[in-house]
Amino acid sequence: MIAVTSFEEDVTFKIDLKHQFKSLKYCRLLGILLIITPLAIYMLGWWPFVDFRFFGYMLSVLFIFLLPVFYLHITYYIKNRKASFIIFGNSNLYLYSDKNKRFEFKQKDIEVIEQHIGIYHENNLDFANRRSALWTNYHYVKIRLKTGDHFFLTSLMIDYKCFPMHIYTTKYRFIPYLK
């Protein structure tokens, strides 16, 4: 028997600001550096001696590192912007709906639940001391039903650590793009 967390009342998962900011957690440091660096240069009196091309180079490199984050955030947002996932209390009934689809199913209708998370999180298993990347907090869950239908619940609406359903397989990926 598969263990599933039961709730006494209905629980709804939708995109919210809390999960969006949590996904962007590792980008906050870069934002702070972008603000502090010019301020520090000005306060230390180095402003007349700094070549402004330096800031252009710095922004170019930063933009290259942020490309995967922009891609993941935009694709995740587009995929789940009108989506909601509802777990109905103790009734063992689930409802996923977005603007095009609506699936009402029970636990027995699920073929597989795959979790796709960044490879950094594999450190918890093998202690390989991997470094986190800017996109480390992006992840998604793919639920495939026995009817062949599937849908995605992204990190913009759920947290993989607190996901209330049993995960069948976990796949660790360098960049967890939707597939």
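With each label point set 7 Å from Cα along the Cα-Cβ vector, what nm distance links Leu66 and Ala40?
1.9 nm
Read phi for every residue in the stretch 79-96 and hand back ³J(HN,Hα) as whole Hz from Karplus 6.51 cos²θ - 1.76 cosθ + 1.60, θ = phi - 60°, with x for Gly and Pro.
After applying 6.51 cos²θ - 1.76 cosθ + 1.60, I find 5, 10, 5, 10, 8, 9, 10, 10, 10, 8, x, 8, 7, 6, 10, 10, 9, 10 Hz.
Given the options Trp135, Ile64, Ser97, identify the residue whose Cα lies farthest towards the positive end of the charge dipole of the stretch 32-179 (+1 on Cβ of Lys, Arg; -1 on Cβ of Asp, Glu).
Farthest towards the positive end: Ser97.
Using square roots of five times the C-alpha gyration tensor eigenvalues, list the equivalent-ellipsoid semi-axes of the stretch 52-174 in whole Å, biggest first. Before the final figure, lay out each step's value.
On the way: eigenvalues 219, 70, 22 Å².
Working from the Cα gyration tensor, I get semi-axes of 33, 19, 10 Å.
I'd like to check one number: the per residue accessible area of the stretch 66-172, probe 1.4 Å, reported in Å² as a whole number.
Values: 5360 Å² over 107 residues.
That works out to 50 Å² per residue.
Which FRET efficiency value, to the nearest 0.05, do you get for Ser91 and Asp149 by plugging their Cβ-Cβ distance into 1/(1 + (r/R0)^6) with R0 = 22 Å? It would help to have the intermediate numbers written out before the result.
Numbers: r = 21 Å, r/R0 = 0.94.
Calculated transfer efficiency: 0.60.
Heavy atoms only, probe 1.4 Å: what % of the accessible area of the chain goes to carbon and sulfur, would you let me know? Can you show the working numbers first?
Numbers: 6970 of 11250 Å².
The nonpolar share, carbon plus sulfur, comes to 62 percent.
Place a +1 charge on the Cβ of each Lys and Arg in the chain and a -1 charge on the Cβ of each Asp and Glu, then give the dipole magnitude about the Cα centre in debye, rounded to the nearest 20. Can you show the working numbers first?
On the way: 23 positive and 14 negative charges, 78 e Å.
For the chain, the charge dipole is close to 380 debye.
When ranked by the protection proxy of mean other Cβ atoms within 10 Å per residue, highest first, what sequence do the peptides 108-114, 30-36 form?
Values: 108-114: 14.3, 30-36: 12.0.
By packing density, highest mean first, the sequence is 108-114, 30-36.
In whole Hz and in residue order, list the ³J(HN,Hα) couplings for the stretch 161-177 that follow from phi through the Karplus curve 6.51 cos²θ - 1.76 cosθ + 1.60, θ = phi - 60°; x for Gly and Pro.
Going residue by residue, I get 6, 10, 5, x, 10, 6, 8, 7, 9, 10, 10, 9, 9, 4, 10, x, 7 Hz, with x marking Gly and Pro.
Hey, what D do you get for the stretch 1-107 in µm²/s if you plug the Kirkwood alpha-carbon radius into Stokes-Einstein at 20 °C and 1.002 mPa s?
The estimated diffusion coefficient comes to 119 µm²/s.
Ranking request for peptides 142-153, 69-80: highest mean number of other beta-carbon atoms within 10 Å first, then the rest in descending order. Working shown, then result.
On the way: 142-153: 15.8, 69-80: 17.8.
The peptides rank, most packed first, as 69-80, 142-153.
With the contact rule set at Cα under 8 Å and sequence spacing of 6 or more, what percent relative contact order holds for the chain? Before the final figure, lay out each step's value.
Working: 262 pairs, mean separation 55.9, N = 179.
Contact order relative to length: 31 percent.
Take the Cα atoms of the stretch 10-56, build their convex hull, and give its volume per residue in Å³.
Working: hull volume 3.8 nm³, N = 47.
Hull volume normalised by residue count: 82 Å³.
Could you order peptides 38-47, 85-94 by the average number of other Cβ atoms within 10 Å of their residues, highest first?
85-94, 38-47
Helix-only mean residue ellipticity at 222 nm, the chain, DSSP H runs n ≥ 4 weighted -39,500 (n - 2.57), per residue, nearest 500. What is it? Spell out each step's value before the answer.
Values: 4 runs with 55 residues, N = 179.
Calculated mean residue ellipticity at 222 nm is -10000 deg cm²/dmol.
With the Cα gyration tensor of the stretch 60-107 in hand, give its eigenvalues times 5 under a square root as the equivalent ellipsoid semi-axes, listed largest first in whole angstrom. It would help to have the intermediate numbers written out before the result.
Details: eigenvalues 238, 26, 8 Å².
Semi-axes, largest first: 34, 11, 6 Å.
Starting from the Cα of Tyr77, step 7 Å along the direction of its Cβ; do the same at Glu9; then give the gap between the two resulting points in nm.
So the label points at Tyr77 and Glu9 sit 3.1 nm apart.
The values are calculated or read from the model by the stated rules, or taken from the named source; none is laboratory data. Owing to the predicted nature of the structure, the values given are computational and were not obtained by experimental measurement. Cβ atoms come from the backbone with ideal geometry, glycine included; neighbour counts cover every protein chain shown. Ligands, DNA and RNA are stripped out before the accessible areas are found, and what is left, the full protein with its side chains, is counted by its heavy atoms. Shrake-Rupley method; radii C 1.70, N 1.55, O 1.52, S 1.80 Å.
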